[in-house]
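One structure below.
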Amino acid sequence: MKPEPNDPTQSGTFHPATPARLSRNEIESLCTKAARGAGMSWGMAEEAGFAAGWLSEHGLDGPAALLAQLTAEAGKAWRDLAPEPGPGQWRAASGGRLCPIALGATLGDHCGLPEAALTAGLTLGPVGRPVLLLPFLAGIATRLGCGVTLKWEGSTLRLDGRGAMAGDLTDLAALQAATLTLAADAAPLAGTARGAAQGCDAATLAGLNALAMQTTVPPSKQSRAGAGSAGSDNE
């Protein structure tokens, strides 16, 4: 159905026929609403929007990664996706895949505590769409004052608090899921701080818009009739 002119339910959604060059704020707003429409709490949805925006600004397709994650985990109970911290290893209580947004936010909250100590390495997962962890790991690197190293299936990626990255970034971006090892890394990092900002293709925008629209109520005759003031302002 074609949206009506000035339909308030369309706020924050985008309908281009070709790849769009959205600002980081626009990406974060749309992805936040999409994550909320997929069932995340508003607080966690804001973390999802932040992650997608950060990745896009650093040359990675954050919106597509988030859409893939939200689609893959549709209908699953939150308790089955959230991390269960343990000494040296974090996993989902269900034994399934961890949500990278929940994992990243929780790691950020615990990064100064013993259960998230990175000196001896921390095993995570399996984790869905692990590229979505990168924004949170950059924040952890800033707080700890060191770099971090992420390892999986024979591959390695290092990053620091500037967002500089070096290693198997392309492989990480393509992963649907993996068990990860995270460790602190004090060695200097000579990596690229930021790639070219990414556009958002029409298929990804359509998927995100569809989820975002689930947070709104379409206009009806009753809602229109009840809009505005019932009295006069000329008293």
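See the values below:
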{"read-out": "Hits in the range 45-76 - residues which are more than 17 Å from Gly104 (Cβ to Cβ) and among the hydroxyl-bearing types (Ser, Thr, Tyr)", "value": "Thr71"}
{"read-out": "Top-ranked residue in the range 63-90 [being more than 19 Å from Leu134 (Cα to Cα) and in contact (Cβ under 8 Å) with a residue 60 or more places away in the chain; ranked as surrounded by the most Cβ atoms within 10 Å (Cβ to Cβ)]", "value": "Ala72"}
{"read-out": "The range 114-130, residues that are surrounded by fewer than 24 Cβ atoms within 10 Å (Cβ to Cβ) and in contact with a helix residue (DSSP H, G or I) (Cβ under 6 Å, 6 or more places away or on another chain)", "value": "Ala116"}
{"read-out": "Residue that is modelled with the highest pLDDT, among those in the range 87-119 that are farther than 25 Å from Arg36 by Cα and either among the small types (Gly, Ala, Ser) or part of a helix (DSSP H, G or I) (or both)", "value": "Gly88"}
{"read-out": "Every residue from the range 19-30 that is under 14 Å from Met213 (Cβ atoms) and buried (at least 21 other Cβ atoms within 10 Å of the Cβ)", "value": "Leu30"}
{"read-out": "Residue in the range 193-200 that is at pLDDT 75 or above and surrounded by fewer than 16 Cβ atoms within 10 Å (Cβ to Cβ) present", "value": "no"}
{"read-out": "Qualifying residue in the range 54-71 (condition: more than 11 Å from the chain's Cα centre (by Cα), more than 22 Å from Gln176 (Cβ to Cβ) and part of a helix (DSSP H, G or I))", "value": "yes"}
{"read-out": "Top-ranked residue in the range 43-53 [being of a type in the set (Gly, Ala, Ser) and within 11 Å of the chain's Cα centre (by Cα); ranked as surrounded by the most Cβ atoms within 10 Å (Cβ to Cβ)]", "value": "Ala52"}
{"read-out": "Residue match in the range 181-192 (condition: modelled with pLDDT of 85 or more, more than 19 Å from Leu103 (Cβ to Cβ), not charged (D, E, K, R) and not in a loop (DSSP other than H, G, I, E, B))", "value": "no"}
{"read-out": "Boolean, Ala72 is touching an Asp or Glu at 6+ places or on another chain (Cβ under 7 Å), under 17 Å from Ala45 (Cβ atoms) and not polar (S, T, N, Q)", "value": "no"}
{"read-out": "Every pair of residues 6+ apart whose Cβ atoms lie under 6 Å, when the first sits in the range 96-121 and is under 16 Å from Leu150 (Cβ atoms) while the second is in a loop (DSSP other than H, G, I, E, B)", "value": "Pro100/Arg129"}
{"read-out": "In the range 159-189, the residues that are of a type in the set (D, E, K, R), within 18 Å of Gly145 (Cα to Cα) and surrounded by 16 or more Cβ atoms within 10 Å (Cβ to Cβ)", "value": "Asp160, Asp185"}
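The values are calculated or read from the model by the stated rules, or taken from the named source; none is laboratory data. Values in this document were obtained by computation on a predicted structure and should not be read as measured data. Cβ atoms come from the backbone with ideal geometry, glycine included; neighbour counts cover every protein chain shown.
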